[in-house]
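Bear in mind these aren't lab numbers, they're just calculated from the coordinates by the rules spelled out. Quick caveat, the model's predicted, so the values are computed rather than measured. Heads up, the Cβs are rebuilt from the backbone with ideal geometry, glycines too, and the neighbour counts pull from every protein chain shown.
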2 protein chains.
Amino acid sequence: MVNLGKVLRIGELARLSGKTVRALHLYEELGLLLPVQRTRGRFRLYHPSAVARVEWIGKLQDASFSLTAIREFLDDVEQERAAPDAMARVRAVFEAKLHETREARTRLEKLEADLVASLVYLDGCRSCQPVHDSHECSECCINGHEPQTQPLLLAGLHSS
Amino acid sequence: MVNLGKVLRIGELARLSGKTVRALHLYEELGLLLPVQRTRGRFRLYHPSAVARVEWIGKLQDASFSLTAIREFLDDVEQERAAPDAMARVRAVFEAKLHETREARTRLEKLEADLVASLVYLDGCRSCQPVHDSHECSECCINGHEPQTQPLLLAGLHSS
DNA sequence: AACTCTTACCCTCACGTATGGGTTAAATGT
DNA sequence: ACATTTAACCCATACGTGAGGGTAAGAGTT
């Protein structure tokens, strides 16, 4: 946008990609991102395609690849262009990640249910608030109400 | 199991709760877990209910509460037994977490779709492998195939 | 003797934050 | 036309964070 011509400075790249300057420095340290050149004063200058590169890194991070894993991933692809199993490797990695993701989603769904159960339980508490003062209500809600039915997320509050 | 009577040592507590000794030490440093007493030789001795406490900590961690957040949570509940809004606070925290969780699940679902799309794309690649040698296929699969349709998770591989 | 526990220290990852200075581009002054 | 100032930007370096993992030397327990 600002640079109609060719290059971006790190701040622009940061804004366009949604990352911080610090993060981009780190990516360079780890060999994930290189400026096409530097100014005389050592300012980094990036090709516009760096935005896509950084966004790609972000995508893989969302997929919970570590930065070093992303680095290995790049190495694999760059150095094994001639190997017959390059794509097979990528496939394997993605398939493994897909399984992880499905498991993570299942865990999140369980957590959601736990949270809802806890909120329902606390709703029950609120209805007994008018009956006695709030000190007793705390006792009632945290310690009472038949301990077995207490949601897991509230079960640790009694024994300090 | 081993201690029929009263107390657990840290290793037993670790085994029963599925955490490491190191983690339990950390919880103590942060004020989340206290031994009922120590032996003359400073070995920590825990009440059996500590197992539930540790499991509760784990549950909240699964809900992506940080340990310091859990600490604040405990403070809130312990120090505000007399305050009328103690339960309201707990509710608020849980409701916020529920929203976060739903958002996280949505993100995971998007990620799952991305992964599936990438795998489908790679399947397409594999079908063109017999046509030419693997070097060219790598070029084809990573750089070719109409760039716009390339899944996001594969889009960063061309511009090194 | 064999096992468990203690404190203490360093390692990891993906950055955040702080320091103290250098660079660049634009606006102003002469 | 050239010089200076200014604001914004950037540099390298180093230390801090969270939630532990790992290891070691020594001391306690059975």
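Some observations on this one:
- Whole-number percent relative contact order across segment B:1-78, with pairs defined as alpha carbons under 8 Å at least 6 apart: 31 percent
- Remark: mean inter-chain Cβ contacts per residue of A:111-118 equal 6, using a 10 Å Cβ-Cβ cutoff to other protein chain atoms.
- Members of A:Lys19/B:Lys110; B:Lys6/B:Lys97; A:Lys110/B:Lys6; A:Lys97/B:Lys59; A:Lys59/B:Lys97; A:Lys19/A:Lys110 lying beyond 26 Å, as alpha-carbon distances in this model show: B:Lys6/B:Lys97; A:Lys110/B:Lys6; A:Lys19/A:Lys110
- Taking only the C-alpha atoms of segment A:1-56, Rg followed by Dmax gives 10.3, 29 Å.
- Using θ = phi - 60° and Karplus 6.51 cos²θ - 1.76 cosθ + 1.60, couplings along segment A:65-73 (whole Hz; Gly, Pro as x): 7, 6, 5, 5, 5, 5, 4, 4, 4
- Residue ranges B:9-22, A:37-50, B:51-64 sort as B:51-64, B:9-22, A:37-50 when ordered by packing (mean number of other C-beta atoms within 10 Å per residue, highest first).
- Other residues with beta-carbon under 12 Å from the beta-carbon of B:Leu13 carry, at +1 per Lys or Arg and -1 per Asp or Glu, a net charge of +2.
- With its label point put 7 Å out from Cα toward Cβ, B:Lys110 sits 2.6 nm from the same residue's point in the other copies, in order from shortest.
- Peptide A:98-107, shielding by other chains (average Cβ, 10 Å cutoff): 4
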